[in-house]
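The next block holds one structure in the form of structure tokens; read it before the comments.
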Amino acid sequence: MTHLTLQAVTRRFGAAHAVDNVDLSVPDGKLVCFLGPSGCGKTTLLRMIAGLETPSSGSIHFAGRDITQLPANQRDFGMVFQSLALFPHMTVAQNVAYPLKLRKMAKARQTSRVAELLDLIQLPHMANRPVTQLSGGQRQRVAIARAIASQPKLLLLDEPLSALDAKLREAMQVEIRLLQQRLGITTIMVTHDQREAMTMADEIVVMEKGRIAQVGKPLDIYRDPVSEFVADFIGLGNILPVAYDGAGGVSLPGGRRIAVAQSASAPASGTDVRLLIRPEDVCVKQASEVPGPNRLAGTVTFIRDVGASLEATIDCAGFTLTAATTPRETPGLTLGMPVLAELPPHACKLIAARATH
Ligand code: ATP
């Protein structure tokens with residue numbers, strides 16, 4: 001059963017469409033990320049689900065009930081925002097107990113529920129500490145404990161990790177994901193960080209200018225983006241303008257022809273087409289190896305070697321490729337070195353070019 005469904009949901013501010021005709025089903029127990037660049041409508045969409053914003057048109061159903069006009073405080077959803085909005089004058093336990101108090105839960109039950117939640121977020125020893133004396137990550141956990149205290153059926157997170165530094169942020173991504181899976185709570189999270197979405201989500205909703213550009217499992221979207229916009233937004237990619245005649249091959253900038261695997265999702269020939277190949281699919285070979293149909297001569301112009309991984313920029317006369325490899329796989333790579341960059345046909349994907357208007 002699908003818990004949350006959005007039908008043709010639109011939100012206009014004046015003449016502008018912040019969210020434009022969005023249809024979406026959020027499956028039970030899953031974590032779904034709304035992902036997209038700044039201003040694409042992620043927060044507005046989340047706020048409409050929360051009941052903090054009313055759609056200009058369209059409807060929102062939850063567990064079979066139309067909640068489009070239902071006030072936020074009657075939806076019983078848990079929410080965590082970027083600012084966290086913890087009460088600074090209260091302790092950890094008082095913050096977590098707050099929604100239980102609002103619901104007039106008996107004092108003894110409140111105490112046991114708070115203890116249970118503090119165990120869950122691994123801060124049982126900090127119950128009586130003022131929240132102002134916690135680290136960023138600890139505050140984050142308290143905000144989540146407070147959001148799930150009254151066992152909401154839906155948890156809404158709006159960029160909850162954006163105030164944290166990179167390392168803590170990555171740790172919290174794993175922590176929240178594990179907690180969400182353990183509780184099986186349906187969760188929607190807004191983020192503009194594609195790595196975060198890839199790490200945490202069961203499903204990603206990629207948004208572009210108020211509309212849904214693509215919905216799917218993280219790796220499906222990564223491997224099979226429907227457009228240049230999605231390909232560019234999800235992960236690093238080499239995206240090259242190519243001439244395509246529909247016959248299984250393309251001409252690269254500079255005129256060199258290479259083979260690409262046929263795919264049902266390839267755009268029609270004659271349309272404006274791009275070739276996408278992910279950096280990890282570009283194989284760097286010694287220049288002395290036999291040239292082949294999909295092997296392109298180039299020169300290494302930049303190397304980013306961070307120990308565990310290595311990224312090389314290769315100038316192929318007419319265009320540039322990024323190859324992701326490891327120092328172990330490609331030992332001895334140096335700046336200015338001539339190489340062959342192999343583009344395996346199966347890893348070359350044709351996608352429609354981004355609309356330019
Ligand atoms: P960010 O990642 O920067 O938070 P977002 O994808 O969450 O962006 P929204 O905050 O949903 O985007 O905004 C979508 C569009 O709607 C933007 O152009 C924004 O300026 C506009 N918008 C949002 N709220 C309002 C409002 N209350 N009044 C007028 N315009 C608004």
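The values are calculated or read from the model by the stated rules, or taken from the named source; none is laboratory data. For clarity, every value in this text was computed on a predicted model and none was experimentally measured. A quick note on method: Cβ atoms are made from the backbone with ideal geometry, for glycine too, and the neighbour counts reach across all protein chains shown. The area values use the complete protein model at the heavy-atom level, side chains included, leaving out ligands, DNA and RNA. Shrake-Rupley method; radii C 1.70, N 1.55, O 1.52, S 1.80 Å.
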Q | segment 216-269: number of residues that are out of contact with any Ser or Thr (no Cβ under 9 Å at 6 or more places or on another chain), β-branched (Val, Ile, Thr) and closer than 22 Å to Ser25 by Cβ | A | 3
**Q.** Scan of segment 41-63 for residues that are more than 12 Å from the ligand (Cβ to nearest atom), touching a helix residue (DSSP H, G or I) at 6+ places or on another chain (Cβ under 7 Å) and either under 16 Å from Asn21 (Cβ atoms) or acidic (Asp, Glu) (or both), ordered by number
**A.** Pro55, Ile60
Q: Consider only pairs whose beta carbons are under 8 Å apart and that are at least six residues apart or on different chains; among these, list those whose first residue lies in segment 211-222 and is farther than 16 Å from Leu46 by Cα and whose second residue is of a type in the set (Gly, Ala, Ser).
A: Ala213/Gly36; Ala213/Ser227; Gln214/Ser227; Pro218/Ala197; Pro218/Ala201; Tyr222/Gly235
Q. Restricting attention to segment 1-36, which residues are within 12 Å of the ligand (Cβ to nearest atom), without any contact (Cβ under 8 Å) to a residue 24 or more places away in the chain, assigned to a strand (DSSP E or B) and farther than 18 Å from Gly51 by Cβ?
A. Ala16
Q. How many residues does segment 24-45 hold that are over 18 Å from Gln214 (Cβ atoms) and touching a strand residue (DSSP E or B) at 6+ places or on another chain (Cβ under 7 Å)?
A. 4
Q: Could you identify the single residue in Glu228, Glu280, Glu208, Glu203 that is in contact with a strand residue (DSSP E or B) (Cβ under 9 Å, 6 or more places away or on another chain) and under 18 Å from Asp158 (Cβ atoms)?
A: Glu203
Q) For Gln94, all conditions in the list (1) assigned to a helix (DSSP H, G or I); (2) in contact with a helix residue (DSSP H, G or I) (Cβ under 7 Å, 6 or more places away or on another chain); (3) surrounded by fewer than 21 Cβ atoms within 10 Å (Cβ to Cβ) hold save one; what is the number of the exception? A) (2)
Q) Just wondering, is there one or more residues in segment 47-61 that are within 18 Å of the chain's Cα centre (by Cα) and open to solvent by less than 20 Å² (accessible area, probe 1.4 Å)? A) no
Q: Looking at (1) small (Gly, Ala, Ser); (2) in contact (Cβ under 8 Å) with a residue 24 or more places away in the chain; (3) within 16 Å of the ligand (Cβ to nearest atom); (4) open to solvent by less than 30 Å² (accessible area, probe 1.4 Å), find the lone condition where Ala72 falls short.
A: (2)
